[in-house]
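To start, the structure under review is shown below, and the notes come after it.
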Amino acid sequence: MKDVKVYAQNLRSYNIGLDQGCWITLGIEEQELQRILTEQLHLTENYPDMAIFDYQADFEISEYEDIYELNQAVAQLKQLPEQDYEKVMDYCDARDITSPLEISNVCLQADEVPYERFPDWIDENVKDPEEKLGYALFENNSLAPEIKAAGMEGYFDYKAYGRDEAINSYDIGDHGFVNKRISIDVEKYSYEEIQNQLKENGLDESTEYKEE
């Protein structure tokens, strides 16, 4: 996954014509994030308001997102193996999940996400998403052996099959497909519970703040 960066701005300073914004690479320790907000953005208890004016990420980030929850979500995503990361991103996209806390919850339940990857040969040779789904589901269809045995496989309409299944049963992602009938509990864990799990798993302390 690419680094997730946000351009954060001190709103009080911005409203009086001062630019005290900076780029922050997220997925860092909470104390480090707090230091950056204090020393770089000059946020204080009396003037804590900030906004995100720009970002670089594989998902949408709103202007007034909670930066601590966002940082936590990125830390979770960075701990995932590449295939689990793609699974989580496909699931979140299919369910229109953009809240950082909800993304973190999906990360913690990645093994339970109702998702199947497209086989490599399908991913490499079939471009149309609905046709990809049709080919993937055909392989597991109980009628597939009979169709193949009858030499009718070349006449099967994979795109139409995939289109029907996309309407009724599956959401198509970039790397696989999500079962419409099964969902993950995106409110299962609180921010504090997730933070404790991050500490137990050992958040990478070598991640450094980068300013551009």
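For this structure, a couple of remarks:
- Test: residue in segment 86-104 that is under 24 Å from the mean Cα position of the chain (by Cα), basic (Lys, Arg) and closer than 22 Å to Glu192 by Cα: no
- Of all residues in segment 9-29, those that are more than 27 Å from Asp90 (Cα to Cα) and in contact with a Leu (Cβ under 9 Å, 6 or more places away or on another chain) total 7.
- Wholly within segment 108-198, strands (runs of 3 or more DSSP E) carrying at least 1 residues that are hydrophobic (A, V, I, L, M, F, W, C) and at pLDDT 95 or above: 170-172, 176-179
- Scanning segment 20-31 for residues that are at negative phi and surrounded by 16 or more Cβ atoms within 10 Å (Cβ to Cβ) yields Gln20, Gly21, Cys22, Trp23, Ile24, Thr25, Leu26, Ile28, Glu29.
Quick grid of which residues meet (1) within 19 Å of the chain's Cα centre (by Cα); (2) among the hydrophobic types (A, V, I, L, M, F, W, C); (3) surrounded by fewer than 17 Cβ atoms within 10 Å (Cβ to Cβ):
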{"site": "Tyr161", "(1), (2), (3)": "no, no, no"}
{"site": "Asn168", "(1), (2), (3)": "no, no, yes"}
{"site": "Gly173", "(1), (2), (3)": "yes, no, no"}
{"site": "Phe177", "(1), (2), (3)": "yes, yes, no"}
{"site": "Lys180", "(1), (2), (3)": "yes, no, yes"}
{"site": "Asp185", "(1), (2), (3)": "yes, no, yes"}
{"site": "Ser190", "(1), (2), (3)": "yes, no, yes"}
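- Cβ separations smaller than 6 Å between residues 6+ apart or across chains give the following pairs from segment 8-19 residues that are within 20 Å of Arg35 (Cβ to Cβ) and open to solvent by 90 Å² or more (accessible area, probe 1.4 Å) to residues that are outside any helix (DSSP H, G or I) and not polar (S, T, N, Q): Arg12/Tyr47.
- Qualifying residue in segment 7-14 (condition: over 27 Å from Asp96 (Cα atoms) and not in a helix (DSSP H, G or I)): yes
- If you check Tyr47, Tyr68 for being open to solvent by 50 Å² or more (accessible area, probe 1.4 Å), part of a loop (DSSP other than H, G, I, E, B) and among the hydroxyl-bearing types (Ser, Thr, Tyr), only one passes: Tyr47.
- Among residues of segment 50-65, those that are outside any loop (DSSP other than H, G, I, E, B), open to solvent by 40 Å² or more (accessible area, probe 1.4 Å) and more than 18 Å from Ile28 (Cβ to Cβ), counted: 2
- Residue count for segment 85-103, restricted to those that are assigned to a helix (DSSP H, G or I) and farther than 22 Å from Tyr68 by Cα: 5.
- Filter pass, Tyr209 being farther than 25 Å from Asp58 by Cα and at pLDDT below 95: no
The values are calculated or read from the model by the stated rules, or taken from the named source; none is laboratory data. The model shown is predicted, which means the values in this text are computed figures rather than measured ones. All Cβ positions, even for glycine, are placed from backbone atoms using ideal geometry, and neighbour counts span all protein chains on display. Side chains are part of the model used for accessible areas, which takes the heavy atoms of the whole protein and leaves out ligands, DNA and RNA. Shrake-Rupley method; radii C 1.70, N 1.55, O 1.52, S 1.80 Å.
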